[in-house]
Amino acid sequence: MQFAPIDGKNLVEGFCLLKKCDVKTSSKGDQYLDLLLGDRTGEISAKLWGYSPLLHGAYEEGELVKVRGVLQQYNGADQLRIDRIRTVTAEDNVAPEDFVQSADYSGEAMFDALYRIADQFTDTDLKKLVTRILNDNREKLLYWPAAVKLHHAIRSGLLMHTLSIVRIAEQVCRIYPFVDRELLLAGAILHDIAKTVEFEVPQSGIASGYTVRGNLIGHLAEGAMIVRKTAEELGTPDDLSMLLEHMVLCHHGEPEFGAAVRPMFIEAELLSELDLMDSRLYEMREAVLNTKSGDFSARLWALDNRRLYRHGRTPEDPAPILLDK
């Protein structure tokens, strides 16, 4: 964590994200706030002793706050003893993406790119269905992550994952002209749409867990229901809606990975493979990025506990090319 020094006595202040926020009771019976503060550089534990909601305000995880306090050492680690705390206001001119890991592009730019693609479909039924669902979910899509943990579990990660698959799918369709391009792109755009109801996500864009509906239904079944409901409202032909519902239900490929059914036509199979490819590449990119050249990464649970080798032939870490220049 980086704070601005106030004087020479370890007094500091700064803006940060509340990653954890618990009201606890001390051995003397007084309430205090037990906090974990963070920004893009790291995190630090913090305490606000003698906490009073009326005096200090009430706070929730995922909020941006400004704090002032004294840096101390506790059990060999830095800890902040907070004297002042308040929520961030518009006048502070700070944004959540400044404090959390975020996608390589803005949510607005990625949403607009996806919308333009769907708006250019020649199949008017597909065009109406996909653009309607995008518009219905725009507010959340702009900052929603693609996961609670693992791949694209970052602010605007869901749009980054979705647009990545769409860009790969566009190239696949150039190589294999027998693929229904618009059906594949439509399925790619909608395959994870129900993650907007599967996760609990504050404005920080970092998921804090699963919703009740996310635990009981899941984004594959929920996504198919969203497609069916919207299709019925728009009068989309049932056979077309059914194809998209199948693509959403089977995009995890195998039942052991959560798929309701296995892919049963070409575009469904392609979507499943591209979804797996993009999620794995993200995990591998992150692991290699945090590994020194010539070394192996830690074991990756999502990749069968493999350790990845950083060969050093690509010293920089360029962002995926997702937007038109």
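The values are calculated or read from the model by the stated rules, or taken from the named source; none is laboratory data. Keep in mind that this is a model prediction, so the values were computed, not measured. So basically every Cβ, Gly included, is an ideal-geometry build from the backbone, and we count neighbours across all protein chains shown. Only protein heavy atoms, including side chains, enter the accessible area calculation; ligands, DNA and RNA are left aside. Shrake-Rupley method; radii C 1.70, N 1.55, O 1.52, S 1.80 Å.
Considering each of Val12, Val100 in turn, give the residue that is more than 25 Å from Gln203 (Cα to Cα), crowded, with 17+ Cβ neighbours inside 10 Å and in contact (Cβ under 8 Å) with a residue 24 or more places away in the chain.
Testing whether each residue is more than 25 Å from Gln203 (Cα to Cα), crowded, with 17+ Cβ neighbours inside 10 Å and in contact (Cβ under 8 Å) with a residue 24 or more places away in the chain leaves just Val12.
Yes or no, residue by residue, for (1) under 18 Å from the mean Cα position of the chain (by Cα); (2) surrounded by 12 or more Cβ atoms within 10 Å (Cβ to Cβ); (3) modelled with pLDDT under 95:
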{"site": "Val70", "(1), (2), (3)": "no, yes, yes"}
{"site": "Asn93", "(1), (2), (3)": "no, no, yes"}
{"site": "Asn135", "(1), (2), (3)": "no, yes, no"}
{"site": "Arg138", "(1), (2), (3)": "yes, yes, no"}
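Can you name the strands (runs of 3 or more DSSP E) wholly within the stretch 1-49 that have at least 3 residues being within 17 Å of Pro96 (Cβ to Cβ) and touching a strand residue (DSSP E or B) at 6+ places or on another chain (Cβ under 9 Å)? It comes to 11-25, 31-39. Taken over the stretch 255-292, the residue count meeting the criterion of being open to solvent by less than 70 Å² (accessible area, probe 1.4 Å), assigned to a loop (DSSP other than H, G, I, E, B) and over 18 Å from Ala146 (Cβ atoms) is 5. For the stretch 152-175, taking the residues that are open to solvent by less than 30 Å² (accessible area, probe 1.4 Å) and in contact (Cβ under 8 Å) with a residue 60 or more places away in the chain, the one that is farthest from Met110 (Cα to Cα) is identified as Val172. Ala302 - would you say it is farther than 22 Å from Leu322 by Cα and part of a loop (DSSP other than H, G, I, E, B)? So Ala302 fails the test. Of all residues in the stretch 186-231, exactly one satisfies the criterion of being open to solvent by 20 Å² or more (accessible area, probe 1.4 Å), in contact (Cβ under 8 Å) with a residue 60 or more places away in the chain, over 26 Å from Arg116 (Cα atoms) and outside any loop (DSSP other than H, G, I, E, B), namely Tyr210. For the stretch 72-91, the candidate set comprises residues that are open to solvent by 80 Å² or more (accessible area, probe 1.4 Å) and out of contact with any strand residue (DSSP E or B) (no Cβ under 8 Å at 6 or more places or on another chain); within that set, the residue that is modelled with the lowest pLDDT is Asn75.
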